[in-house]
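As C-alpha cells, the structure follows; a few thoughts come after it.
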Amino acid sequence: MKRFPLAHATHPQWRMAAALVVAQLRAQMSLPGHAATPPLGLLYITDHYAAHARDILGYLSDELPEIRDWAGTVGVGICATGVEYFDEPAMAVMACDLSPQQYRVFSGVAPLPARGLPDTGFQAHTALIHADGQTADLPELVAEMASRTATGYLFGGLSSSRGASVQFAQSDRDTASSLKPLDGVFAGGMSGVAFASGVQLVSRVTQGARPIGAQHVVTQVDGNVVLALDGQPALGVLLEEAGIDLNRTQEAMARLRSTLVGLSAPGGQDDARLMARRQFGDAVEVRHIIGLDPARRGVAIADRPPTGTRLAFCERHVDAARADLVRICTEIREELEPQGVSVGVGGSLGPDEEDSAAQVSREIVGAVYVSCSGRGGPHFGGDSAELQVVRRALGDVPLIGFFAGGEIARHHLYGYTGVLTVFTAAA
C-alpha cells in the first residue's frame, strides 16, 4: 500500500477549485512512493458547494477515471493535512490505494450485506460512515450497521450544512441505473465505505469536554428527565457542582448553557487515570442539558439514559481538548511504533519527538479526521489550530476530513469529539 494522494482547494467557483484538486492529484500520483492508480476517492465539500454536488462528482469522475468509486459528504467545514476550511467554499479529495477486494461503497439503495450471508463475496471488518442527522432512529441504525461488521467498529460522522445535506456514494460495481440516485449524490439515510480485514486501521476518539465534578449513578429517571443521582435530587447536584444560583437569573442561564452531561453505560469500566486528570475516555458520550424540572428537582438532557447510567456534569474546555487530542495521537504513534518515545497526555512535542513523528509518518499512508462542528481552530485558539496539533503529533501524513453534526465511533454517536483514524501500510 502506497501513500494516498491528497488535494484540497478553495475558490468562489467550484470548477476552479475542482481543477486545482485534479492538478494536485495528478502531480502526486506521479511521485515515487505515492499511489499511481488509486481506485477509491474520499470527497468532502463545504456547504457553499452543496448545490453543485452532482456537478462536482461528475467532473471529478470524468477527470480522474482511475478512481472508480467515491464516498463522502458535506460539512460546514472540511479539513486536510494541517488546514481547516470554515465559512468558505472548499473541497478536498484523498485517493486511497486499496484493491477492489478490500472495500465496498454502500448506501441505502446499495446496502452493505448483513454478516454471515453466503455468497456475498465480501466480509466487512470496519466501516467509514456518513449519515444524515435528520434520519429517524439514527442511533439504532448506527448500532445495526456496526453489527454488519466483524469488529463492530464504525468511524465517521453526521453531515453538517446550513443548506442542503448531501452524501456521495458511487461505485462502478453498481451497474443498474436504479442503484445510482442522482449519479452518486443523495440526501438522507446513511452511506460510506466498508473495509475488509486486510486493511490496517488504527482509530481513536478524543473528547472536547472535561468533568466539573464527580461521576454519579442515575438512580431515578423518567424518559429524558434525570430525577436522582446517587439517590439525591439531580437538580441539587447540578446546582452545587456547577456553582449555579437560580436567584441570579442571567448568570445562572449563562452557566447552564455552558454545562453538559457526560454519560457512560451501566456496568462499564471507568478510566480512573483519565478521570483523575479531569478527562473523559471514549466510553463517555456528551449530551446537552435541555431544561430543568424544578417541581421534581430533575434535569432534562438530550438522551434517555436507563437507570444505572453513570453521569458526570461537564464543560467544554480548550486545554482539556488539546491535551486529549495529543493523547490519542500519542497512543496511535505508540501502537504503530511500540518502542518509540512516549509523550505525556498534557505534554508538548520537542524536536526529538517531532523526528519520531516523522518516522511514524512513513508508516501511515493516509488518515481521516472527523471533528465536531463546534470544535475547529476557533475553539483551539486560532485558524487551523486543531489540525496543526494533529500534524505536529503524527507528522506530515495525508489527512482528510470534515466537521460534523455528530461523530460516530464504534456503535456510538458522540458530540464535541474528534475521531481520528489512520491507514497503515502492511508490515
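Tabulated values for the structure
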read-out: Net charge over other residues, Cβ less than 15 angstrom from the Cβ of P139 (K, R count +1; D, E count -1); value: -4
read-out: Cubic angstrom per residue, convex hull over Cα atoms of region 363-410; value: 85 Å³
read-out: Carbon plus sulfur fraction of accessible area for region 36-156, probe 1.4 Å, in percent; value: 51 percent
read-out: Per residue solvent-accessible surface (Å²) - the chain, probe of 1.4 Å; value: 40 Å²
read-out: Distance cut-off 26 Å, percentage of C-alpha pairs in region 192-331 lying past it; value: 29 percent
read-out: Accessible area of region 161-260 belonging to carbon and sulfur atoms, whole % at 1.4 Å probe; value: 48 percent
read-out: Kirkwood estimate for region 281-340, i.e. one over the average of 1/r between Cα atoms, Å; value: 14.7 Å
read-out: Cα centroid separation - region 1-39 against region 207-221, whole Å; value: 45 Å
read-out: Most mobile listed residue (G77, G395, G156) in the chain, GNM with C-alpha springs under 10 Å; value: G395
read-out: Dimensionless Rg ratio for region 1-128, taking C-alpha atoms and the 2.2 N^0.38 Å reference; value: 1.11
read-out: T135 long-range amide H proximity, modeled H, under 5 Å; value: G189
read-out: Principal axes of the chain: Cα extent on each, largest first, Å; value: 65, 53, 47
read-out: GNM result for the chain, Cα springs below 10 Å: residue of A35, A127, A53 fluctuating most strongly; value: A35
read-out: Candidates F122, F86, F313, ranked by Gaussian network fluctuation over the chain, Cα under 10 Å, top entry; value: F122
read-out: On Cα atoms only, tilt of 351-361 relative to the major axis of the chain in degrees; value: 60 degrees
read-out: Inverse of mean 1/r across different Cα pairs in region 65-207, Kirkwood, Å; value: 16.0 Å
read-out: Dipole magnitude of the chain about its Cα centre (Cβ charges: Lys, Arg +1; Asp, Glu -1), debye to nearest 20; value: 240 debye
read-out: Summed residue charge, Cβ within 10 Å of D222's Cβ, Lys/Arg positive, Asp/Glu negative; value: +1
read-out: Among V284, H216, T126 the positive-end extreme of the charge dipole of the chain (Cβ point charges); value: H216
read-out: Cα-based convex hull volume of region 61-102 per residue, rounded to whole Å³; value: 100 Å³
read-out: In degrees, nearest ten, helix 249-258 long axis to first principal axis of the chain (Cα); value: 40 degrees
read-out: Folded to 0 to 90 degrees: helix 318-336 orientation relative to the chain principal axis, Cα; value: 50 degrees
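The values are calculated or read from the model by the stated rules, or taken from the named source; none is laboratory data. Everything numeric in this text was worked out from a predicted model, so none of it was measured. Note that we place each Cβ from the backbone using ideal geometry, even for glycine, and neighbour counts take in every protein chain shown. The area values use the complete protein model at the heavy-atom level, side chains included, leaving out ligands, DNA and RNA. Shrake-Rupley method; radii C 1.70, N 1.55, O 1.52, S 1.80 Å.
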